[in-house]
1. Within the set of pairs 6 or more residues apart or between chains, which connect a residue that is at negative phi inside region 140-157 to a residue that is polar (S, T, N, Q) with Cβ atoms less than 9 Å apart?
2. Checking ALA115 against (1) in contact (Cβ under 8 Å) with a residue 40 or more places away in the chain; (2) in contact with a helix residue (DSSP H, G or I) (Cβ under 9 Å, 6 or more places away or on another chain), only one condition comes out false. Which one?
3. Does region 166-178 include one or more residues that are over 29 Å from ALA68 (Cβ atoms) and either in the same structural domain as ASP112 (by TED's automatic domain parsing) or at pLDDT 95 or above (or both)?
4. Looking at ARG98, is it of a type in the set (Lys, Arg) and in contact with a His (Cβ under 8 Å, 6 or more places away or on another chain)?
5. Within the group VAL49, VAL37, which residue is free of Cβ contacts under 8 Å to residues at least 24 places away in the same chain, buried (at least 18 other Cβ atoms within 10 Å of the Cβ) and under 21 Å from LEU171 (Cα atoms)?
6. Can you find a residue in region 31-50 that is modelled with pLDDT under 90, assigned to a helix (DSSP H, G or I) and more than 30 Å from LEU208 (Cα to Cα)?
7. Give region 103-116 a look and list any residue that's of a type outside the set (Asp, Glu) and closer than 20 Å to ALA204 by Cβ, or say none.
8. Which numbered condition trips up GLY22, out of (1) in the same structural domain as LEU149 (by TED's automatic domain parsing); (2) touching a Ser or Thr at 6+ places or on another chain (Cβ under 7 Å); (3) not aliphatic (A, V, I, L, M)?
Amino acid sequence: MSAPAANVPGPSGGVGHEAQAGAHAAGRLRGMIADGVLPPGAKLSEQKVAAELGISRNTLRESFSMLAAEGLVRRVPHRGVTVAEPTAEDVRDLYAARLVLEPEALLWGELDDAAVGRLRSVVTTALDAVAAGDVPGMSDANQRFHRELVAAAGSATLLTEMDRMLARMRLVFHAMSGDSGFHARYAQDNAEVLEALGTGDREAAARLLRRSLENARDEVLEQLG
């Protein structure tokens, strides 16, 4: 079935409906990438993915365009769409953004008792995962820790950007899958950040956070060669 002409409403509700459906589908695919269901390099067949999501191929193409703009998928002429495989330059770019965003959110965000309590719960979950040797559990909890820091800034816009960065970080962390201690080290770093935060010393916590992010960046870059 052909797509409706531009700016002419179609049976499904028109251009606005198509864009909304595309955004919803992009969110579902973004979540699948963030959860590791779609690993780097995975080929995304239009026919198969559209059927699995229960959407039209036109809607799927709209979502692919959104994800391509975020750097989560690559569209190559005559080869189709694949989940992105991060390069060293991608890693530098992501960490450059995180090194600005996260320490500033920690310094100036609304980290009240409830927010600190959520961070403490996440750190406990991460350390329990370390003790159990649960690498996916460590990774999930570490990601939630960094997300909670940005959530404290109280900006839906910043949190949306952070979610997009964290989805891209999932792709980056595939490079570290052979290092079972990688996520464990940063779970401990997060515990130290929380400890400094618990004393009320946000500047010390921000310094520890920056050092942790820089170390993680350098480890990933070394692995990528």
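The values are calculated or read from the model by the stated rules, or taken from the named source; none is laboratory data. Keep in mind it's a predicted model, so treat the numbers as computed, not measured. Heads up, the Cβs are rebuilt from the backbone with ideal geometry, glycines too, and the neighbour counts pull from every protein chain shown.
1. ASP140/THR125; ALA141/THR124; ALA141/THR125; ALA141/ASN190; ASN142/ASN190; ARG144/THR125; PHE145/ASN190; HIS146/ASN190
2. ALA115 satisfies every listed condition except (1).
3. no
4. For ARG98, the condition - of a type in the set (Lys, Arg) and in contact with a His (Cβ under 8 Å, 6 or more places away or on another chain) - is met.
5. After ruling out the rest, the residue left standing is VAL49.
6. Within region 31-50, one or more residues are modelled with pLDDT under 90, assigned to a helix (DSSP H, G or I) and more than 30 Å from LEU208 (Cα to Cα).
7. Once the filter is applied, which keeps residues that are of a type outside the set (Asp, Glu) and closer than 20 Å to ALA204 by Cβ, region 103-116 yields PRO103, ALA105, LEU106, LEU107, TRP108, GLY109, LEU111, ALA115, VAL116.
8. (1)
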